[in-house]
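The values are calculated or read from the model by the stated rules, or taken from the named source; none is laboratory data. Every value quoted in this text rests on a predicted model; they were computed, and no experiment measured them. Every residue, glycine among them, receives a Cβ derived from its backbone with ideal geometry; neighbour counts consider all protein chains shown. What goes into the accessible areas is simple: the full protein's heavy atoms, side chains included, and nothing from ligands, DNA or RNA. Shrake-Rupley method; radii C 1.70, N 1.55, O 1.52, S 1.80 Å.
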Amino acid sequence: MRRTLAAARNIIVFALLLVVRNCHGKPGQQGTLSALKDCIVQAGSNASDIVEHDGPDYAKYSELNYQWNLIHEKKFPVAYFVVRSVTDVQNAVRCCTAQSVRIVAKGGGHSYEAYSFGDSTALIVDLQALHELVVSPDRQSFTIGSGALLGQLAYPLLEGYNLVTPQGTCPTVGIVGLATGGGY
Ligand SMILES: *[C@@H]1O[C@H](CO)[C@@H](O)[C@H](O)[C@H]1NC(C)=O
């Protein structure tokens, strides 16, 4: 079990290192956001996966911007980019760097400090579509996408492999939070 969790942690930390880079500039401005979006789309990502605060689909934005924990004031990042692949993540990192836009990774979104939501200058790389689970043939380790929620880990592991993980009972906490030391 320890090996299993350690393997998951390595993968998630690696994914986080790829994603968590803060660039400071003059983000949040309309010009910057549209240049950022152009950059990401030209790099091959799907424009429909970028949902802007000031865009046409506020219902979709609100859904993505759901915040469990409102100890702090609710945050409204400039846009969400629901990444579908490693290439999407790379495009986000390259384009945010080029456009000096702050980039923030979101796993489950349960952080008490609301780290997953950045601020009104940030693009959120929403990892929810990346939750593929692959268990090794000897069942001693597994890899899972960094956007997986604990329920997306616990239920398939139990039902498909008769394995359990040491984790809390809330199924919507993200694996990234648990594997990096929170989520208990
Ligand atoms: C882009 O996303 C939209 C909405 O999910 C989808 O209908 C369309 O097929 C996607 N386009 C490509 C090229 O994947």
| field | Cross-chain or 6+ apart pairs with Cβ under 8 Å, the range 48-68 first and among the small types (Gly, Ala, Ser), then at pLDDT 95 or above and not in a helix (DSSP H, G or I) | value | 55/79
| remark: Flagged in the range 143-184 as closer than 13 Å to residue 131 by Cα and small (Gly, Ala, Ser), in numbering order, are 145, 146, 147, 148, 151, 154, 174
| field | Of residues in the range 39-61 being within 16 Å of the ligand (Cβ to nearest atom) and among the charged types (D, E, K, R), the one surrounded by the most Cβ atoms within 10 Å (Cβ to Cβ) | value | 52
| query | If you scan the range 37-66, which residues turn out to be farther than 19 Å from residue 107 by Cα, hydroxyl-bearing (Ser, Thr, Tyr) and not in a helix (DSSP H, G or I)? | reply | 45
| remark: Note: among 83, 51, 89, just one is modelled with pLDDT of 95 or more, closer than 17 Å to residue 174 by Cα and out of contact with any Pro (no Cβ under 9 Å at 6 or more places or on another chain), namely 83
| query | Quick one: how many residues across the range 123-155 are assigned to a strand (DSSP E or B) and either of a type in the set (S, T, N, Q) or open to solvent by less than 10 Å² (accessible area, probe 1.4 Å) (or both)? | reply | 7
| Given 151, 174, 182, which one is touching a residue at least 60 places away in the same chain (Cβ under 8 Å), of a type outside the set (Lys, Arg) and farther than 24 Å from residue 87 by Cβ? | 182
| query | Would you say residue 87 is touching a residue at least 12 places away in the same chain (Cβ under 8 Å) and loosely packed, with under 13 Cβ neighbours inside 10 Å? | reply | yes
| field | Selection within the range 107-140 - small (Gly, Ala, Ser) and in contact with a strand residue (DSSP E or B) (Cβ under 8 Å, 6 or more places away or on another chain) | value | 107, 108, 109, 116, 118, 122, 129, 136
| task | Would you point out which residue out of 120, 116 is small (Gly, Ala, Ser), touching a Lys or Arg at 6+ places or on another chain (Cβ under 8 Å) and open to solvent by 40 Å² or more (accessible area, probe 1.4 Å)? | result | 120
| request: Go through the residues of the range 160-180 one by one and say whether even a single one is open to solvent by 50 Å² or more (accessible area, probe 1.4 Å) and within 25 Å of residue 39 (Cβ to Cβ). | output: no
| request: Only residues that are touching a His at 6+ places or on another chain (Cβ under 9 Å) and part of a strand (DSSP E or B): list them for the range 67-109, please. | output: 79, 80, 102
| Residue check for residue 77: open to solvent by less than 40 Å² (accessible area, probe 1.4 Å) and either at pLDDT 95 or above or touching an Asp or Glu at 6+ places or on another chain (Cβ under 8 Å) (or both) | yes
| task | Given the conditions (1) in contact (Cβ under 8 Å) with a residue 24 or more places away in the chain; (2) more than 16 Å from the ligand (Cβ to nearest atom); (3) under 25 Å from residue 180 (Cβ atoms), report the number of the one that residue 115 does not fulfil. | result | (1)
